[in-house]
Every structure is written in C-alpha cells, then in structure tokens.
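Structure record follows, encoded as structure tokens.
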Amino acid sequence: MKNALDFTGKRVLVVGGSSGIGNGIARAFLDAGAEAHVWGTRSSAADYAGDDGSDLTDIHYAQMDVSDFDAIEAYTPPFDSLDVLVLSQGTVLYKRQEFKMDGWKKVMDVNIGSLMACSEKFHDMLAASKGSLITISSTAGYHATRGNPAYSASKTGAIGLTKTLGEAWASDGIRVNGIAPGLVDTKLTKVTTENPKRLEGSLRSIPLHRLGTPEDMAGVALFLASPLSAYVVGQTIPVDGGLILS
C-alpha cells in the first residue's frame, strides 16, 4: 500500500507525549508529516528543556492534569478535528504506596480513569475523521507485579477497555487498538534500568536481550493508525522483545 505511513495533513494528539514513550510516538508522527500535539503535566514545553527523552521541537504543547476529569471535559482544544488520539499517560508508585487507598486512587485515576475521560472527550472528532484511538498499557497487564497492585490492575483494565471501546465504537468509524510495552528505558522504569542487578535479571528474561525504546513503540503506533491495520480492532499488541512468551 503506497505511502500508507504518510500522515501529511493528519492531526495527532498524544496525551502524555512530553517524554518517554509518548514523546517518541509524537515525534514519529511528526516525522511522518502529521501535525503533532501533546499534553503534559508542566506549565510549558520549555519546562522540559534538558530532560532526557523529551524533545518537543515543532510539537504543539498544552498542560493538563489528566487526573482532573472535569478539566478534561472543560478543555477547549486549539483544533476542530483530530485523526489520531494516543493515550500514553501513566504513573506508578513504589515502596508499597499502592497498597494504601490514596496511592491506589492516584494511580487508578491516571492510568485507567483518564483513559476513559480522554476517549470520551475526543470521541466525536475521531468519529468525524474515521480516526484511530491507541491506548498504551503494559505487559504488566498480563502478569502480576508484586509491589504495584494499582499499576497492574490499571494496565489490565486498559487492555479490557481497549477491547470494549474497539467493539463499541467500530460502528462510529473509530478503530481502537493498543500497545503493551515491555521494559522500556523511561523515567518510570529507572528503578530497574539504573539498578545493575535488576537490569541484568530483566535482560535475561527478554529473548531479544535488550531494553525496548520509544522508537520501538512508535513504529507499532504508526502501523495501528495507518491503513495497514484497517481490519484490526480492539487488539492490544505486546511490544516487549518476547518478554511474556514464557
């Protein structure tokens, strides 16, 4: 299919696109010709200057606290059409904070509640463009994460939400799919990637014997938003170097 990955004339919003996987996805769409918008937590794009894994050059930026569902609903976007919505927001709390209700709620609001709030916010624009919605969950949705019950539950929920919205919104012309990253070197995984013993153990369990990169995830996002995946609905693709094969 000629030029199937050319997004010239398309508009993309990546929630959580200020750094890490989301930023890699936003930049990939920008490089493919799209007009790229991202939401982040800081006041301005300039506040990310110097952050490793963050490049907002030529990307439109807006601040949003995705745990504030009323703010999402009230938001007036600077555009009147949208072709692709990528939901890459996420958080995790360590040191058993997720076993307490305050920590549980914080993670669940960001990792699953905001997915529904953002999806509903942009449903009509995506329906008008016959667009794509892409959720970013985690391979943690397929196995236990001993110290992070909210993270695991929220990522399992994201996979289920992707299935349900995929079925519910297909008749509206919206294709909903997802990506479940494995171990990717981002701010959220520093607890592993900056601990030599943990990193060594993790790499042994990955058949490709390397960490994933935001670019690895971006390639699959481009595929899911393109005509190449025109008959793919409600699926979450593990992009994990083979991590969950055994």
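Values quoted throughout were computed directly from the atomic coordinates according to the rules given, and no laboratory measurement underlies them. Just so you know, these numbers come straight off a predicted model, no measurement behind them. Positions of Cβ are backbone-derived with ideal geometry, glycine not excepted, and every protein chain shown enters the neighbour counts.
Per-structure values
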{"item": "Residue, surrounded by the most Cβ atoms within 10 Å (Cβ to Cβ), within the range 139-164, restricted to residues that are out of contact with any Pro (no Cβ under 6 Å at 6 or more places or on another chain) and of a type in the set (S, T, Y)", "result": "S154"}
{"item": "Single match in T186, T236, T192 (criterion: surrounded by 15 or more Cβ atoms within 10 Å (Cβ to Cβ), free of Cβ contacts under 8 Å to residues at least 24 places away in the same chain and either in contact with a helix residue (DSSP H, G or I) (Cβ under 7 Å, 6 or more places away or on another chain) or not aromatic (F, W, Y) (or both))", "result": "T192"}
{"item": "Those residues of the range 34-64 which are among the polar types (S, T, N, Q) and in contact (Cβ under 8 Å) with a residue 12 or more places away in the chain, in sequence order", "result": "T41, S43, S44, S54, Q63"}
{"item": "Qualifying residue in the range 98-117 (condition: under 30 Å from D6 (Cβ atoms), in contact with a strand residue (DSSP E or B) (Cβ under 8 Å, 6 or more places away or on another chain) and either touching a residue at least 12 places away in the same chain (Cβ under 8 Å) or surrounded by fewer than 18 Cβ atoms within 10 Å (Cβ to Cβ) (or both))", "result": "yes"}
{"item": "Condition check for L208: part of a helix (DSSP H, G or I) and not small (G, A, S)", "result": "no"}
{"item": "Filter pass, D216 being under 24 Å from G234 (Cβ atoms), charged (D, E, K, R), in contact with a strand residue (DSSP E or B) (Cβ under 7 Å, 6 or more places away or on another chain) and assigned to a helix (DSSP H, G or I)", "result": "yes"}
